[in-house]
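K.L.:
Can you keep this structure in mind? I'll have questions shortly.
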Amino acid sequence: MELEVRGLTKTFGRVTAVRDVSFTAPAGKVTGLLGPNGSGKTTTLRIALGLVRPSAGAALIGGVCYAGLARPRRAVGAVLDTAGFHPGRRARDHLRVLAAASGVSGERVDEVLGQVGLASSAERRVRGFSLGMRQRLGLAAALLGDPQLLVLDEPANGLDPAGVAWLRGLLRDLADRGRTIVVASHGLAEVSQTVDHVVILSAGRLRFAGPLAELGTGGGELESAFLKLTEAPA
Amino acid sequence: MTGQATALSSEFRKITSIRGPWLLLAAGPLIVVAGISGLVESGGNVHDPATQSQALAHVGLAAIITLVFGILAMAGEYRHGTITDSYLSFPGRRQVIGAKLAVYGLAGAAAGLVSSALALAVTAAWWSAKGSALHLSAAGTWQTLAGGVAANVGFAVVGVGVGALVRNLAAAIAAALAWIALVEGIVGQLVGSGLARWLPLHASEALDRSALLGASQLLPQWAGALVLLGYAAVFAAVAVVTTLRRDVT
């Protein structure tokens, strides 16, 4: 189930956050959505998830817009930030709320808690969670419905080096099983080792979309290509 | 399950997995107990049937708590950012509001019933302590309690609508309390009592038969119920319409 973004434009008042952006994130690949802060990555993802209305264009998931998906949580899993938790709710209850909303069983809740390494913290209230634990809980929520498309915004944020390595393995494994993975990030180091495809945005415009190999293979080459593509026009 | 049924079950899990709303809701019955005791201690005549109605009318006064409780439903989700997950589960969005109206309305009814039971018990205790007796058959006893429960439900539903509309939790609660404490009284004086009785607090006063505003003209109880229901429906409709198209950033 691929994500297809077509001619996407979004203006907030007088600010154009995204301008005529088109790209495709293919199934079975990890696509990195890269760009400096404020380049339109998060807006693009929020439009793809039906949270923000595009001013023009569309984002299609397996050919339909998010709101048209029959069972959205089974089709798409998303981690947009590490803030979307009620501080007084226990980790397991947070997932149970979402499980009830998507018709997922209670066993699956414990399964994903184990998968992200939070089994021993399941009964703790989220207010006591570190940033990395919130990131893991968000990931557990995204994995709950075993989705075809996984959309992650800065997923390595708050994870320790071991956590980043674990995340990289998880994403690779999911992609190898045919899932579509889209990872937005401004950090290049962890991305260059994970992604197959790269989409580079700068100031709301598309600068590059294609296989990582076309940009260069090593991390250093990605960095120089990135900086060249995203530098402000003179 | 249909979308609305899963939304209801998800909403039920949301509210049963946090403590805040229940602590807030528990304040309602406490206000009722304190209010009735205050009425007696300040020299209320327990031999006057009107005092008994006045005591039981505290059930309706406590609806101010279910109003804030309802506001928490939507504005609380915006406050904590959980609204994103709710809309990802139900991109149609109207199921989320529908489920909240139902669950919070029901919880409002439960709060009203608990308040009513406590009001009867506390009134009976005070009345016997003062050498009188509670008259369940007295005119207006059940009418006052039924109106009080209905006000608790109506205000919870209005609160859900206000929270969906205003979204900023602190602003929504401040606006609602300001309306109750101040604004409706002023507007009532400006438009005159003939029109003022159609305002929400006046309508709820007709419904729960409390005499908070000291208004000279009120609607009959059944009409108060209909008017409050109308306000609840309008707020819910406005909440749905404004929520469907709004960007969640």
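Throughout, read-outs are computed from the coordinates displayed, never taken from laboratory work. No experiment lies behind these values; they were computed from the predicted model shown. Glycine gets a Cβ as well: all are built from the backbone with ideal geometry, and neighbour counts include every protein chain shown.
K.L.:
Loop-only GluC sites (Glu not before Pro) in the stretch A:30-132, please: DSSP not H, G, I, E or B, and at most 10 other Cβ atoms within 10 Å.
P.N.:
Working: sites: A:Glu107, A:Glu111, A:Glu123; in loops: A:Glu123.
Passing both the DSSP loop test and the Cβ count: A:Glu123.
K.L.:
Counting other Cβ atoms within 10 Å of each Cβ, which trypsin sites (Lys or Arg not before Pro) in the stretch A:130-234 have at most 16 and sit in a DSSP loop? Could the numbers behind the result be given before it?
P.N.:
On the way: sites: A:Arg134, A:Arg136, A:Arg168, A:Arg172, A:Arg177, A:Arg179, A:Arg205, A:Arg207, A:Lys228; in loops: A:Arg177, A:Arg179.
Here the trypsin sites (Lys or Arg not before Pro) that fit, given the DSSP loop and packing criteria, are A:Arg177.
K.L.:
Taking chain B as the reference, fit the longest principal axis to its C-alpha atoms, fit the long axis of helix B:141-166 to the helix C-alpha atoms, and give the angle between the two in degrees, 0 to 90, nearest 10.
P.N.:
Compared with the principal axis, the helix lies near 30 degrees.
K.L.:
A further question on this structure: Return the single residue from B:Thr66, B:Thr51, B:Thr144 with maximal mean-square fluctuation; model: Gaussian network over chain B, springs between Cα atoms under 10 Å.
P.N.:
Judging by the Gaussian network model, the answer is B:Thr51.
K.L.:
OK, next. What net charge do the residues around A:Pro155 carry, taking every other residue with its C-beta under 12 Å from that of A:Pro155, with Lys and Arg at +1 and Asp and Glu at -1? List each step's numbers first, then the result.
P.N.:
Working: positive: A:Arg134, A:Arg136, A:Arg168; negative: A:Asp81, A:Asp153, A:Glu154, A:Glu190.
Value of the local net charge: -1.
K.L.:
Provide the net charge surrounding B:Gly108, with neighbours chosen by a C-beta distance below 15 Å and charges set as Lys +1, Arg +1, Asp -1, Glu -1. Don't jump to the answer; show the numbers that get you there.
P.N.:
On the way: positive: B:Lys100; negative: B:Glu11, B:Asp208.
Net of charged neighbours comes to -1.
K.L.:
With angles folded into 0 to 90 degrees, how steeply does helix B:63-80 sit against the dominant principal axis of chain B? Use alpha carbons for both and round to 10.
P.N.:
That helix lies at roughly 20 degrees to the long axis.
K.L.:
How high is the FRET efficiency from A:Arg14 to A:Arg71, r the C-beta distance, R0 41 Å, rounded to 0.05? Numbers along the way, then the final one.
P.N.:
Details: r = 38 Å, r/R0 = 0.93.
So the FRET efficiency works out to roughly 0.60.
K.L.:
Sticking with this one: What is chain B's relative contact order, in percent, from Cα pairs under 8 angstrom and six or more apart in sequence? Could you put the intermediate results ahead of the total?
P.N.:
Values: 373 pairs, mean separation 64.1, N = 249.
RCO, chain B: 26 percent.
K.L.:
Continuing with the same structure: Under a 10 Å cutoff between Cα atoms, tell me which one of B:Ala170, B:Ala225, B:Ala62 has the largest fluctuation in the Gaussian network model of chain B.
P.N.:
Residue with maximal mean-square fluctuation among B:Ala170, B:Ala225, B:Ala62: B:Ala170.
K.L.:
If neighbour count is taken as other Cβ atoms inside 10 Å, put A:Glu223, A:Glu2 in order from fewest to most. All intermediate terms of the calculation are to be shown ahead of the outcome.
P.N.:
Working: A:Glu223 14, A:Glu2 18.
Fewest to most other Cβ atoms nearby, the residues stand as A:Glu223, A:Glu2.
K.L.:
Something else now. At a 10 Å Cβ-Cβ cut-off, how would you order B:Thr16, B:Thr6, fewest neighbours first?
P.N.:
Values: B:Thr16 14, B:Thr6 21.
Ordered from fewest to most neighbouring Cβ atoms within 10 Å, B:Thr16, B:Thr6 come out as B:Thr16, B:Thr6.
K.L.:
Now a separate question. First select every other residue whose beta carbon is under 11 angstrom from the beta carbon of A:Arg124; then total the charges, Lys and Arg +1, Asp and Glu -1. Mind dumping the intermediate values first?
P.N.:
Numbers: positive: A:Arg89, A:Arg90, A:Arg92, A:Arg125, A:Arg127; negative: A:Asp93, A:Glu123.
Net charge in that neighbourhood comes out at +3.
K.L.:
Using label points projected 7 Å from each Cα along Cα→Cβ, tell me how many nm separate B:Arg19 and A:Asp173, to one decimal.
P.N.:
A separation of 3.6 nm, rounded to one decimal place.
K.L.:
Considering Cα pairs under 8 angstrom that are at least six residues apart, work out the relative contact order of the stretch A:149-234 and quote it in whole percent. Intermediate values should be presented prior to the final figure.
P.N.:
Working: 84 pairs, mean separation 20.6, N = 86.
24 percent.
K.L.:
FRET efficiency for B:Ala211 and A:His186, Cβ-Cβ distance as r, R0 = 60 Å, nearest 0.05?
P.N.:
After rounding to 0.05, the efficiency reads 0.45.
K.L.:
Only Cα pairs within less than 10 Å get springs; with that Gaussian network setup on chain B, which residue of B:Val191, B:Val33, B:Val183 has the largest fluctuation?
P.N.:
Of the options given, B:Val191 has the highest mean-square fluctuation.
K.L.:
So what's the angle, to the nearest 10 degrees on a 0 to 90 scale, between helix A:106-115 and the longest Cα principal axis of chain A?
P.N.:
60
K.L.:
Also, I was wondering about something else. Per DSSP H run of n ≥ 4, the term is -39500 (n - 2.57); total these for chain A, divide by its residue number, and report the mean residue ellipticity at 222 nm rounded to 500 deg cm²/dmol.
P.N.:
Details: 8 runs with 79 residues, N = 234.
Rounded to the nearest 500, the figure is -10000 deg cm²/dmol.
K.L.:
What percent do you get for the relative contact order of chain A when only Cα pairs under 8 Å and 6+ apart count? Mind dumping the intermediate values first?
P.N.:
On the way: 476 pairs, mean separation 67.0, N = 234.
Reported relative contact order: 29 percent.
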